[in-house]
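Only one structure is covered here, and it is reproduced in the block below.
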Amino acid sequence: MALDNRKDPYGAFRFLVELEGLVVGGFAEVSGLQAETEVEEYREGGVNEHPHKLRKITRYPNLVLRRGITDCRVLWEWYRDVIAGTVSRRNGAVILMDREGNPAWRMEFSGAFPVKWEGPELKADGNTTAIEKVELVHNG
């Protein structure tokens, strides 16, 4: 196999988060990129070798976004609106970049809104970056 045909995996440290077509800042971490489909087993009379497996519902866990707090308050204001009773669902994507900075994988989600916001742990003797965490529910 020639080296020019080699396909290296993408680094998990080059990614963007996009909401409604706008990149909403650099994030330190994104978790919850999962999908799981439940299966129901059905045993058919006369078929003793195996049960049939039927698809049921697919579930998507909440997305958790972590980033350093900046002057940009878009995520906090979005959550503040939810607290006030105005739920604005947004579509978005987590975009994995290749080594040259081009989009390589795009994991889209729809109908998202924040359900939890967590501010930084503040310590007078610490020297770490102040991190905010936002949890989004979505429709997959």
Original post:
So which pairs qualify, if the first residue must be in the stretch 73-93 and within 23 Å of Pro120 (Cβ to Cβ), the second must be assigned to a helix (DSSP H, G or I) and among the basic types (Lys, Arg), the Cβ gap must be under 9 Å, and the two must be at least 6 apart or on different chains?
Top reply: Arg73/Arg80
Subject >> Boolean, Val94 is at pLDDT 90 or above, open to solvent by less than 50 Å² (accessible area, probe 1.4 Å) and outside any strand (DSSP E or B) >> reply: no
**OP:** Test Thr70 against the criterion of being among the hydroxyl-bearing types (Ser, Thr, Tyr), in a loop (DSSP other than H, G, I, E, B) and open to solvent by less than 90 Å² (accessible area, probe 1.4 Å), and give yes or no.
**Re:** yes
**OP:** Keeping to the stretch 97-140, report how many residues are open to solvent by 80 Å² or more (accessible area, probe 1.4 Å), among the β-branched types (Val, Ile, Thr) and touching a residue at least 40 places away in the same chain (Cβ under 8 Å).
**Re:** 1
**OP:** Output the residues belonging to the stretch 1-41 that are modelled with pLDDT under 75 and not in a loop (DSSP other than H, G, I, E, B).
**Re:** Leu3, Asp4, Asn5
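The values are calculated or read from the model by the stated rules, or taken from the named source; none is laboratory data. Note that this is a predicted model, so its numbers are computed, not measured. Methodologically, a virtual Cβ is constructed for each residue, glycine included, from the backbone with ideal geometry; neighbour enumeration extends over all protein chains shown. Quick note on the areas: whole protein, heavy atoms, side chains included, nothing else; ligands and nucleic acids left out. Shrake-Rupley method; radii C 1.70, N 1.55, O 1.52, S 1.80 Å.
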